1. Mind counting the residues in segment 483-542 that are basic (Lys, Arg) and either at pLDDT below 90 or under 20 Å from Ala463 (Cα atoms) (or both)?
2. Quickly run through segment 472-526 and pick out the residues that are assigned to a helix (DSSP H, G or I), crowded, with 18+ Cβ neighbours inside 10 Å and of a type in the set (Asp, Glu).
3. Check off (1) crowded, with 20+ Cβ neighbours inside 10 Å; (2) hydrophobic (A, V, I, L, M, F, W, C); (3) not assigned by TED's automatic domain parsing to the domain that holds Gly17 for Leu157 and give me the number that stays unchecked.
4. Restricting to segment 34-64, give me the number of residues that are in contact with a strand residue (DSSP E or B) (Cβ under 8 Å, 6 or more places away or on another chain) and over 25 Å from Met1 (Cβ atoms).
5. Restricting to helices (runs of 4 or more DSSP H) lying wholly in segment 334-453: which have 3 or more residues that are in contact (Cβ under 8 Å) with a residue 12 or more places away in the chain and under 28 Å from Ser664 (Cβ atoms)?
6. Give the residue that is nearest to Ala299 (Cα to Cα), with candidates limited to residues of segment 115-141 that are touching a Pro at 6+ places or on another chain (Cβ under 8 Å) and of a type outside the set (A, V, I, L, M, F, W, C).
7. State all residues of segment 33-72 that are surrounded by 21 or more Cβ atoms within 10 Å (Cβ to Cβ) and assigned to a strand (DSSP E or B); if no residue qualifies, say none.
8. Somewhere in segment 251-261, is a residue of a type outside the set (S, T, N, Q), touching a Leu at 6+ places or on another chain (Cβ under 6 Å) and at pLDDT 95 or above?
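The values are calculated or read from the model by the stated rules, or taken from the named source; none is laboratory data. These figures come from a predicted structure and were not determined experimentally. Glycine gets a Cβ as well: all are built from the backbone with ideal geometry, and neighbour counts include every protein chain shown.
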Amino acid sequence: MLNQRQLAILVYLSDFGRDLEESWDVPRAISLAGLAEHLGVVRSALHPPLKFLKSEGLVSSRSAHVIGAPRRRKVYHLTDRGREEARSGSSPTRKSRGRSVGPVPDSITLHGRDEVVSSISSGLSKGSNYLLEGLPGIGKTSVATAVSQSLLDDGWLVRWATCQTDSDSSSIARMWLGVRAPSSNDAIVARVDSKKTLLVLDEAQQSSDRLVRGIRELLEACSGTSAMILVVTRAPNPFPEISGFDSIRLEGLEITLARELLPEEMSDTEAIEVCKAMDGHPLGIKLWSPDDKLPGSGAVQEYVESQVLRRLSQSGASSLDELSLSPLPLEVDEMLEPDGTEELDESAILRWSGSLIEPHHLVRNVRRATLIDEGAGEMHSKLAEMWSKRTGPRARRMEIHHRLESGTEVESTWITESINEIVSEDSAAAAVVLQQAISANPEEGLFELAADIALERGESTVASEYIESMDEGPRKDLRLARLARVEGELDRADELEASAISRLDPGDRVRAEISSLVRKYDDRLPGSDSEVIAQTLLSGADSVNLSDLESEDRELASLVLDLLRHSLALESGNLEEASRTRDSIENRIGPEDPRLPALDLRSRLSAGTEAEEFLDEALEAARSHIGSSTDPFDKLRSMHMALEACSEPPKWLVEAHSDFDPGSLRDSLAPHRRAKAHWWYWRGVIIRDERLSSWKESIVRLRSTGCGKASRELTRRLSREL
């Protein structure tokens with residue numbers, strides 16, 4: 001007769017197919033570490049039951065490559081007899097009636113938390129929102145996972161997000177809603193507002209101070225919906241003034257219940273002594289080794305420092321130091337000192353998320369505190385040097401962090417170049433490291449860049465704070481104009497912009513004038529009357545004085561102005577002028593330039609709107625161009641031109657637009673941000689059921705890209721819809 005723990009092992013392993021028995025790569029879940037984490041016990045508690053199950057021919061073991069681990073490990077499989085025993089010994093599982101979205105952790109066997117899980121689940125069902133607080137390693141995430149599973153069993157929809165340092169409201173929304181999630185609070189609220197829906201935000205304290213304000217605003221906005229919210233954080237609570245949430249503090253396990261985490265073969269006297277010394281702290285108990293000296297009651301952090309860290313080898317300590325100093329979880333292959341990760345995992349120090357690893361936060365926090373006095377600056381320098389030899393936005397994000405933390409002087413020009421590379425992929429990460437750089441080196445150029453990024457992200461309050469730190473002058477006024485436009489003060493924005501442009505140096509003035517003309521052209525919705533603005537823009541384009549520019553800059557500026565003239569000529573039906581500017585553009589860029597087919601397509605679609613017989617051919621040309629284009633921006637603009645040209649878009653065009661990933665556009669470029677705003681507008685046109693959230697998202701994005709008139713017009717259209 002199998003005991004409870006032996007049967008639990010069989011039932012768990014029965015979820016994994018026989019195909020893994022011959023696989024080269026296997027999941028960590030079937031290693032000893034994975035088994036212990038799922039069953040919620042110390043690893044030594046599994047040695048006797050596994051030995052017995054192997055002797056009975058119910059379980060087999062072998063060495064295999066565990067995904068994410070640096071070396072081969074022992075993994076476990078059920079034999080045919082083991083599978084039969086698991087089927088006969090397990091009770092029928094209740095099939096979950098709900099659905100989950102996001103990185104919900106795997107369910108584990110939870111010891112001693114039935115009462116708090118039941119209490120939170122009941123409270124959420126009755127309409128309460130909760131902040132679940134507690135020490136690192138106390139079991140908050142496990143409790144939240146159990147609460148989620150309880151509600152899933154009752155048919156709820158669970159949306160889960162887990163914070164890291166660079167997490168902002170947009171990345172949280174993507175975890176809650178999927179890759180095409182909106183980023184504005186109004187649109188997110190419209191999408192999550194439904195009954196029997198739970199929004200979970202785990203590890204809330206991990207988010208940077210630079211981003212926490214936006215996350216709090218998102219939580220406050222969502223708290224007014226029909227969805228319930230469970231925020232999981234360790235002290236101190238990053239949202240101390242948030243309203244509408246009941247706080248629950250999770251303490252250590254009752255001693256008799258904590259005893260279940262230790263080996264059954266261990267004497268009760270010794271087990272109780274360990275549990276009392278750890279004050280029922282689950283992670284502290286799992287870190288315990290029989291050779292350790294027990295701490296005084298509740299002194300878990302002291303125990304980690306004096307026992308857990310001191311028993312590590314040199315390679316284990318080096319790997320732990322690198323992971324503790326990293327701002328983000330790492331893959332083993334990314335590390336400078338990876339050799340000790342195996343030891344760290346065997347010591348239950350690591351937590352895994354797919355192939356990414358980091359120390360349990362209790363251990364990391366203790367080690368970080370001791371590293372301050374143990375040469376952390378030199379270690380940061382070594383890590384900065386390692387990341388400097390790698391390419392890509394992630395490498396620059398990590399390098400900036402380590403260079404700034406090393407205490408050495410960092411040139412602001414290099415910071416600016418690196419930030420511009422990071423922002424092309426992740427504006428939140430760029431905002432975080434830029435704030436870090438400003439704290440170390442508050443220079444004018446960094447404040448200017450920080451204001452620009454905040455404006456691009458639609459963070460008007462943050463942008464205002466950075467702008468206030470800038471020196472007086474036209475560059476500050478240009479950003480004040482952008483801020484006024486974001487806040488809906490369009491007349492004031494125009495006055496500030498005109499005054500600022502007039503005071504700029506010739507080269508900067510021309511660039512600002514052209515940028516303003518392009519923005520004004522984009523500041524409209526499809527179907528809007530643009531005849532008056534077209535004449536104004538043509539007059540403005542003709543008045544730009546390019547004579548003070550260098551030859552190369554003058555040629556580029558002339559090209560941009562010709563592209564604008566070509567678009568305006570087509571919209572006004574002046575085909576002769578459109579043809580003339582098209583020839584001028586070809587002379588500048590050459591007949592093989594990939595931008596010319598897009599110009600020709602626009603001409604054909606413009607002709608199609610004037611004569612029905614040309615429209616079908618123009619749409620077929622659009623279909624061919626969209627299918628062959630490798631430039632996401634060109635592809636999307638061509639879709640939008642085609643959509644604007646026809647009253648009833650063909651099925652292929654609707655599908656192409658729905659399948660397009662707006663995340664492929666570069667948020668660091670204003671035209672890309674405006675195209676993304678229009679993608680949300682057209683999504684609301686095409687998918688009526690999502691019109692509310694899509695148009696709300698478009699309104700916010702249009703406003704943040706300086707298209708205040710288009711934002712107002714769409715707001716009016718949405719009001720009429722409602």
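1. Going through segment 483-542 one residue at a time, the tally reaches 3.
2. Asp477, Glu497, Glu513, Asp522
3. With (1) crowded, with 20+ Cβ neighbours inside 10 Å; (2) hydrophobic (A, V, I, L, M, F, W, C); (3) not assigned by TED's automatic domain parsing to the domain that holds Gly17 applied to Leu157, the lone miss is (1).
4. Matching residues across segment 34-64 total 3.
5. Once the helices (runs of 4 or more DSSP H) in segment 334-453 are filtered for at least 3 residues that are in contact (Cβ under 8 Å) with a residue 12 or more places away in the chain and under 28 Å from Ser664 (Cβ atoms), what remains is 393-405, 412-423, 427-440.
6. Filtering first and then ranking leaves Gly137.
7. Once the filter is applied, which keeps residues that are surrounded by 21 or more Cβ atoms within 10 Å (Cβ to Cβ) and assigned to a strand (DSSP E or B), segment 33-72 yields Val59, Ala64, Val66.
8. Checking segment 251-261: not a single residue is of a type outside the set (S, T, N, Q), touching a Leu at 6+ places or on another chain (Cβ under 6 Å) and at pLDDT 95 or above.
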